[in-house]
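These notes concern the structure reproduced below.
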Amino acid sequence: MSQTPQTRADRRATVAAMTEAGASTRRIADELGISKDTVRRDLAAAKPSAEAVRRRLRQRAALAHESMRHLRQAVSQAAEARPGYCPLNDDGTAAQWYTQLREDAAVLYALAETFRDYYPHLTDPTATPDT
């Protein structure tokens, strides 16, 4: 963990620079030794330019696209491996895999549910797109 900048202005400049570089709120907080709420307040005070916001959104979209591609590959590989049908695994490994799959499934379900909020016209056949 690096040291926190000496002044609020220095810290806010560091937070802004790290955000521009694509760092998450959590990563910035961890590296600077501050809370995520402090990072959020610093970002709110900075008022980024419209171009900076567009650049950040493009970065997030690219990251999401790449993450979804990797997720699909991992799910396909896991399905092909059929981990539930590995009789040579010990009970501890089987229990660990089961727990991980259930936890990961819950996280993925919650992510899928966010589409209902942002894309209701895609998830509810009776909804109409906002125009």
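Data overview
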{"item": "Unit Cα scatterers, Debye sum, region 33-131: log10 I(q)/I(0) for q = 0.11, 0.14 Å⁻¹", "result": "-0.64, -0.90"}
{"item": "Residue-wise HN-Hα coupling along region 68-85, computed from phi with Karplus coefficients 6.51, -1.76, 1.60 (Hz; x: Gly, Pro)", "result": "5, 5, 5, 4, 4, 4, 5, 5, 4, 5, 5, 5, 5, 6, 6, x, x, 10"}
{"item": "Cβ-derived FRET efficiency at R0 22 Å, residue 103 paired with residue 67, nearest 0.05", "result": "0.80"}
{"item": "In sequence order, calculated HN-Hα J values of region 103-114 (Karplus, 6.51, -1.76, 1.60; Hz; x Gly/Pro)", "result": "5, 5, 4, 5, 5, 5, 4, 4, 4, 4, 5, 5"}
{"item": "Listed residues 98, 29, 9: farthest to the positive end of the dipole of the chain (Cβ charges)", "result": "9"}
{"item": "Probe 1.4 Å - accessible area at residue 65, Å² to nearest ten", "result": "130 Å²"}
{"item": "Probe 1.4 Å, all protein chains present, accessible-area order of 85, 119, largest first", "result": "85, 119"}
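The values are calculated or read from the model by the stated rules, or taken from the named source; none is laboratory data. These numbers were taken from a predicted model, which means no experiment stands behind them. Note that we place each Cβ from the backbone using ideal geometry, even for glycine, and neighbour counts take in every protein chain shown. What goes into the accessible areas is simple: the full protein's heavy atoms, side chains included, and nothing from ligands, DNA or RNA. Shrake-Rupley method; radii C 1.70, N 1.55, O 1.52, S 1.80 Å.
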